[in-house]
Amino acid sequence: MSSLNPKASAWTPNPNASSFVPGQFTAQPAAVKAPVVVPPANPGSKMVFSLVSTPSTPAPAAAAAPAPAAAPAAAAKPAAAKPAPAPAPAPAEDRDWDQVDAEDACLNIVIEPVTKGVADLKVSTPAPAPTPAPKAAPKPEPVPVAAEEEEGGDEEEFEEQLEIDVHARRHVNLVFIGHVDAGKSTLCGHIMYQTGMVDDRTMDKFAREAKALNRETWKFAWAMDITDAERAKGKTEECGIGWFKTENKQFTVLDAPGHKSYVPHMIGGASQADVAILVISARRGEFETGFEKGGQTREHAMLAKTVGVRQLVVAVTKMDDPTVLWDKARFDEILEKLGVFLKQVGFAPNEVVWIPISGLQGINIKDRNTPEQCPWYSGPSLLGYLDEMKPPERLYDRPLRLPISAKYKDRGVMVIGKLEAGTIKMGERLVMMPNRNQVIAEKLFLDAAPISAAEPGDNVRIKLLNINEEDISSGFVLCRPDDLVPVVSKFRARVIVLEHKSIITAGYTCVMHIHSVVQEVTFDEMEAITDKKGSKVLQQNPKFVRPGQTVMAKMVLESAACIQAYKDYQQLGRFMLRDEGKTIAIGVITDILETVS
C-alpha cells in the first residue's frame, strides 16, 4: 500500500475492494467531472451515461471525492500506470460546447442540453445501488417538462409563421391550358424547379428515370405528371396541382390535360382558376395542328373564358426549336392568327399578354432573356409579369360559397375547393348543401400550410367533422346556416349554340358543366331567339335553333343541384353544354324557376 497518498492516512482501505476508490459505495464508481470520461474497469460491461445539472462553480477534474483530502482515482489501480492529470474545464460560458459534443459523439454518448453550469457525468451499472444526493447539491430543474413546453411552443410558433407567410402574399390560381404536347407540364415543372419547389436531388432522379425510357426531355413534366400511366404515355390525364411563391404573390398551379378525351378534367381545373396560361408551341406544324378546327387550342381558350377567366397570358414556348430559333416573324404570325380568335371569344386586347419563352431551357421564365437569346423582346419574364399583375377582385362581403371539387380521407374527411365568396374560420359551423349536413371546419390548409381563416379565391383543403366521405359529392356547396344556397331543379338560361351536327329542339338532352357539377340537362321549352346579349328578341317560341344562334330556354336538371343566377354569383351561374365529346353550347342562368326544399 505504499502507493497510497500519505495525506489520506485517516482512511482505512478495504482490502477486498482494491479496484475501487476508498470511501465510495461498492456499486458506484468514482464520480468524474465532465468532459473527462473514465472507462470502466471491465471493458465488457455496459455503462449508461446521462447529464445532471450541478452548481455553476466547477470543481477540479482530478478530484475523485467531494472531501478535500480524498484519494485520487489512480490510487485504486496500483498495477496500471498513473494517467496524466486532466486540465480543469473552463467555465460553462467559456467552453466550446461544439467540441464537447464532437468528443462525446465519438463515444456514442447521448447528451441532453444544459442551460447553465457545468455538467457532471453520472455513471451507473445496469443494477446500481442507491446513491445519496450531495448535501450541497441544488435541486435539479424539471428539464423534461420544460423541454415539452418549449417544443410545443416551437410548433405553435412554426405554424403561426407558416400562416403569416401564406397571407403575406396575394393568392392567385393559375391554370395551364393548350393543345396536347404543347409543353404545358414541362413549363409547369420548370417553374416549380426555378422557384425552389422541386430540389436538385428530385430533379436528378427524374432525369435518370426519364433517360432510362429514352425520354430525357420529359424530366420537368414529371414534376406534375406523377402517375405511371401519365409518365408512360407522356400525356396528362388528370388536372395536376402544385404551388410556388414569388416576391409578392403565392400561386396555386393547375396543370390541365390537353387531350380532347380529358376536356371534362380541364373544365374542372379551369373553373377554379383566376388566370389562364395558354401554352402555344412555336414549332412548325404544332401550332397549326392545335389551332385548326378540332384542335384543343381553340376549345381551351373558349372554355377558359366561359368559366370566368378574365386574364390570359399566351406563353409561346419552344422558341428555341431548330425550326424557329427565336424568329420574330414566327412569333408575330402566331400573335396575328390567334389574336383575332381570342377577340372573337371575348378576350379584350388589354386582357391578353404575349410572352416568348423556352419551357425546356428555362429561358424567360424566371429571369428575363438576354439580348443574345432574343434581341427583339424587351418585356418582362413570365414570372415577372405574374408577380406584378393586378390581382383579381374578391367577394369578401358576399355570403359564403365554396363548391366542392374533390374529397378524400386523411385522418378524417377532407374536401378541396375554391372559396368563391365570403370567409371561413377554423372551428366554424357550416352546412353542406344540398344534403343539409351540419359540419364543422376543424382545420384549414392552403397549399399544404395550416391557416386559421380562408379568404375568397383561396383553393383550400378543409378537414370536416360530423360527416362521412360517402355523404359528399363533387358539386356540393359549403355555406352558412343563415344563408343557404338554393337547390335548383328548373331554371331559365340564355344559351349560345356553338356547333352541333343538327338542330336543337325542345326535349334535347346533353351534359351540363357548371362549377363542379356535371349533370344531364334537358331543354324543356324554347322561349325566344335573341341577339348574343339577349337584349333584342328576334323570334318568339321557335321550334328549333341552329348553330350560331342564341336562345332563351327553360331547362330541367336530371337531379337538383346547387346553382344560382349569374347576376348573384357568376361562378355558380355560368355553364357549358357538351355532347359526343364536343362542347356544343355555352350559357348563363338568368332566373331560378323551381327549387327543392
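Total residues in the range 367-409 satisfying the condition of being buried (at least 20 other Cβ atoms within 10 Å of the Cβ), free of Cβ contacts under 8 Å to residues at least 60 places away in the same chain and not in a loop (DSSP other than H, G, I, E, B): the figure is 0. What about VAL431, is it open to solvent by less than 30 Å² (accessible area, probe 1.4 Å) and either in a loop (DSSP other than H, G, I, E, B) or modelled with pLDDT under 95 (or both)? So VAL431 fails the test. Residues in the range 571-597 that are β-branched (Val, Ile, Thr), outside any loop (DSSP other than H, G, I, E, B) and open to solvent by 10 Å² or more (accessible area, probe 1.4 Å): 5 in all. With respect to being more than 19 Å from the chain's Cα centre (by Cα), farther than 30 Å from GLY534 by Cβ, buried (at least 16 other Cβ atoms within 10 Å of the Cβ) and modelled with pLDDT of 95 or more, VAL487 falls outside the description. In the set SER597, SER559, SER535, only one residue is of a type outside the set (Val, Ile, Thr) and closer than 24 Å to GLY308 by Cα; that residue is SER535. Inclusion of GLY362 among residues that are at pLDDT below 95 and closer than 18 Å to LEU386 by Cα is warranted. The set of residues in the range 460-510 that are out of contact with any Phe, Trp or Tyr (no Cβ under 9 Å at 6 or more places or on another chain), farther than 30 Å from VAL551 by Cα and assigned to a strand (DSSP E or B) comprises LEU464, LEU465, LEU478, CYS479, ARG480, ASP483.
Given the condition touching a strand residue (DSSP E or B) at 6+ places or on another chain (Cβ under 9 Å) and closer than 29 Å to ILE451 by Cβ, answer yes or no: does some residue in the range 199-215 qualify? No, the range 199-215 contains no residue that is touching a strand residue (DSSP E or B) at 6+ places or on another chain (Cβ under 9 Å) and closer than 29 Å to ILE451 by Cβ. Taking the conditions exactly as written (assigned to a helix (DSSP H, G or I) and open to solvent by 60 Å² or more (accessible area, probe 1.4 Å)), does GLU520 satisfy them or not? No; evaluated as a whole, the condition is false for this residue. Would you list the helices (runs of 4 or more DSSP H) that sit entirely within the range 155-233 and hold 3 or more residues that are modelled with pLDDT of 85 or more, within 19 Å of the chain's Cα centre (by Cα) and more than 26 Å from TYR262 (Cα to Cα)? Counting at least 3 such residues, we get 200-212.
The values are calculated or read from the model by the stated rules, or taken from the named source; none is laboratory data. In this text, all values refer to a predicted model and were calculated from it rather than measured experimentally. For neighbour counting, all protein chains shown are included, and Cβ atoms are generated from backbone atoms with ideal geometry for every residue, glycine included. The area values use the complete protein model at the heavy-atom level, side chains included, leaving out ligands, DNA and RNA. Shrake-Rupley method; radii C 1.70, N 1.55, O 1.52, S 1.80 Å.
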